[in-house]
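Have a look at the structure below, then the notes.
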Amino acid sequence: MGVRRFFLIIAVVTTLVPDAAVRADVNYRAEITGAEDSGLADLLDKVSELKTLEDKPPASEEALRRRADRDLGRLADAAHSLGYWDAEFSYEVDTEAEPAKVTVKVEPGSLYHVASVRVQGPDGQPLSIPNQPKLPLKPGDPARTAPVVATETALVAALGDGGHPFAKVEDRRVELDKTAKTMEVTYTLDPGPVEHFGPLAITGLERLEPAAVR
């Protein structure tokens, strides 16, 4: 009788315990510190999964730490994109606080700058670009990744406008000098042949002479 009563009590208690008590999500707040550059700070906040998913708390402290671990690589990529190629990240989790607190610390290091931008042909010799467009990337600029890609696009477009419709990129080499804190970028382009428009022929005119629409 005593045994049956014991099992009955366990069954009743199990029924009354809500699921939330069995699986308690870890509410938390995240903070990223150490970024004095406002542009870098804003970008880190924007790409951080810890920040963007604050309203979706993980199921455990372990899951929270996994989220933080994933953030480290994402934040490093963001810092590199703005020219902070030596940036380092670490984090601390305080589960004693209510809500829990995750503090991500960034040491941005020096801002790298562009030392040189070289454009060459397949033979390795300097390549002349028609009308020499104003490029997004130039020596002295912060060593950011977006202008590197934009410059490649601008070079191919300039060759196309200059009569090389089949111009293409063969290689893009980016070299970082960790001592000088600089970036050197070399574009290797194949301009392809120069193409010309052929004779213009206009047909189907009934009321106008061809010279009137040329």
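The values are calculated or read from the model by the stated rules, or taken from the named source; none is laboratory data. These numbers were taken from a predicted model, which means no experiment stands behind them. Don't worry about glycine lacking a Cβ; one is built from the backbone with ideal geometry, like all the others, and counts go over all protein chains shown.
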Inset, instruction - Restrict the check to the range 104-127 and report whether at least one residue is free of Cβ contacts under 8 Å to residues at least 12 places away in the same chain and of a type in the set (Ser, Thr, Tyr). - result: no
Inset, instruction - Report yes if some residue within the range 81-104 is at pLDDT 95 or above, within 30 Å of LEU137 (Cβ to Cβ) and among the polar types (S, T, N, Q); otherwise report no. - result: yes
Legend entry - Output for the range 45-83, where each listed residue is touching a Leu at 6+ places or on another chain (Cβ under 7 Å) and more than 15 Å from VAL106 (Cα to Cα): PRO58, ARG67
Legend entry - Selection count where residues are farther than 18 Å from VAL194 by Cβ and loosely packed, with under 15 Cβ neighbours inside 10 Å, scope the range 146-163: 4
Inset, instruction - Take the residues in the range 68-102 that are assigned to a strand (DSSP E or B) and among the β-branched types (Val, Ile, Thr), then tell me which one is nearest to the chain's Cα centre (by Cα). - result: VAL102
Inset, instruction - Looking only at the range 48-67, count how many residues are touching an Asp or Glu at 6+ places or on another chain (Cβ under 8 Å), part of a helix (DSSP H, G or I) and either buried (at least 17 other Cβ atoms within 10 Å of the Cβ) or among the aliphatic types (A, V, I, L, M) (or both). - result: 3
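Within the range 115-130, can you find the residues that are touching a strand residue (DSSP E or B) at 6+ places or on another chain (Cβ under 7 Å) and either surrounded by 12 or more Cβ atoms within 10 Å (Cβ to Cβ) or of a type in the set (Phe, Trp, Tyr) (or both)? So that I can check it myself, show each step before the final result.
From the range 115-130, those touching a strand residue (DSSP E or B) at 6+ places or on another chain (Cβ under 7 Å) are 115-122, 126-127, 129; that's our starting set.
Matches in the range 115-130: ALA115, SER116, VAL117, ARG118, VAL119, GLN120, GLY121, PRO122, LEU127, ILE129.
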